[in-house]
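These notes concern the structure reproduced below.
We did not get these values from a lab; they are worked out from the coordinates using the rules stated. As the structure is a computational prediction, the values presented were derived from the model and not from experiment. All Cβ positions, even for glycine, are placed from backbone atoms using ideal geometry, and neighbour counts span all protein chains on display.
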Amino acid sequence: MSANATAAARIVPGVVSAPSNGERSHRRLMLALYTVAIAINLAIFIYGFDYYKLSAMDRPFSPKHHLLRPSGTIGIYLGFLGVALFLGIFLYPLRKHWPWLATIGSTRHWLDIHILMGLTAPFIIAFHSTLKFRGIAGMAFWIMFAVSASGVVGRYLYGQIPRKVTTAELSMKELHEMQEQLGQQLSAQNLLPEADLRALLKLPNEQWVKRLPIVIAIPYMIALDMLRMFRVARLRRHALRGVALLSTVAGFLPTRHRELERAIQAASAEASLSKRILFLSRSQKVFHMWHVVHKPFSYAFAVLAVIHIALQFVLGYF
Ligand code: HEM
């Protein structure tokens, strides 16, 4: 692999070069875990549908009541699973404070697991509560739901902030050189129109971005990400003809043309990285504000969940 491709792969893993073995097995693991999580939730939903839609008065007469109620045979295990997920979610923040844990695996992989558990837990807890959200447990559930939903925004912002700005700037330079080289080769073959490449790399003025209010800057960043998808599709549309074009669904799917894809991916990675660097101060500011919400709400939810579990002990459910 050339130095340029190495740099590009470092910043945008798997985009320009093939992902490493470790990365590939992590992706396979995540795919398997998401499949299991979706399958479990779907199975409970399908099995319990006729029970969950009954009113609280009618539920005790359902043959599934002794299984699905919160203290029932299945319901209680859903509660245990919820607690396990809840403990797992907090391993990610704890890892920052426990040096021995920090040496295991990479932070990004831990975050992927944190997200999987954070997205699954609200569904499992909702089924454990039989979709009735009352009292302390109900309050804990809604806080958890809000924390989980806010996590999606946090994940977007997290991806916008290069871990090391100097490395990112260096890699952007290398990506630019690589993109230019490949672009020139393909332009010579009349495959990549210069104008489309320039459009893909076009960004607003730095001073203008600095003056943008935060509430506009973030949706604007998202809009630029979406626009990039359309610009990439246009590049492919202008480079391909006939069946090759049809098979890419108007340019939205990658082609089998390796050189063309490498050039497009390098240009797209460069465009994405320049945008992240351009908006860095804005995304850092919002990410900081986001932490201020995500963290204390998580702890509030944890306290309410512990009170709920302690109450079940007091009431003799264990
Ligand atoms: C019940 C669900 C969740 C709880 C209780 C929870 C809790 C936490 C806590 C305590 C932190 C550490 C905050 C800090 O160090 O300042 C954190 C970080 C984070 N969480 Fe969650 N989270 C949940 C779900 C999610 C979901 C669903 C996502 C994404 C879709 C997500 C994305 C993130 C991100 C991006 C970070 C910041 C990573 C970093 O700065 O290192 N979380 N979460």
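Taking θ as phi - 60° and the Karplus parameters 6.51, -1.76 and 1.60, the scalar couplings of segment 25-39 work out to 6, 5, 4, 5, 4, 5, 4, 5, 5, 5, 5, 4, 4, 5, 4 Hz in sequence order, x denoting glycine and proline.
Compute the helix-to-body angle for 165-188: its Cα long axis versus the longest principal axis of the chain, expressed 0 to 90° and rounded to tens. Between the helix axis and the principal axis of the chain, the angle is about 50 degrees. For the chain, the longest principal axis of the Cα atoms and the long axis of helix 107-128 meet at an angle of about 40 degrees. Restricting segment 259-318 to GluC sites (Glu not before Pro) that sit in a DSSP loop and have at most 16 other Cβ atoms within 10 Å of their own Cβ leaves nothing. For the pair segment 53-116 / segment 195-232, the C-alpha centres are spaced 39 Å from each other.
Here the 3J(HN,Hα) profile of segment 66-79, calculated from phi with Karplus coefficients 6.51, -1.76 and 1.60 at θ = phi - 60°, is 5, 8, 8, 4, x, 9, x, 4, 7, x, 5, 5, 5, x Hz, Gly and Pro shown as x.
Just to confirm a number: summing +1 for Lys and Arg and -1 for Asp and Glu over residues other than Leu54 whose beta-carbon lies under 15 angstrom from that of Leu54, what do you get?
Here the count lands on +3.
Counting only lysines at least 8 places from Lys64 when in the same chain, those with an alpha carbon closer than 22 Å to its own are Lys53, Lys132. Per residue, the chain reaches -25500 deg cm²/dmol at 222 nm when only DSSP H runs of four or more residues are counted, each adding -39500 (n - 2.57). Taking all Cα pairs closer than 8 Å and separated by 6 or more residues, the relative contact order of the chain comes to 23 percent. For the chain, the longest principal axis of the Cα atoms and the long axis of helix 135-160 meet at an angle of about 10 degrees. Net charge of the neighbourhood of Leu201, taken over other residues with C-beta under 12 Å away and scored Lys/Arg +1, Asp/Glu -1, is +1. Expressed per residue, the C-alpha convex hull volume of the chain stands at 177 Å³.
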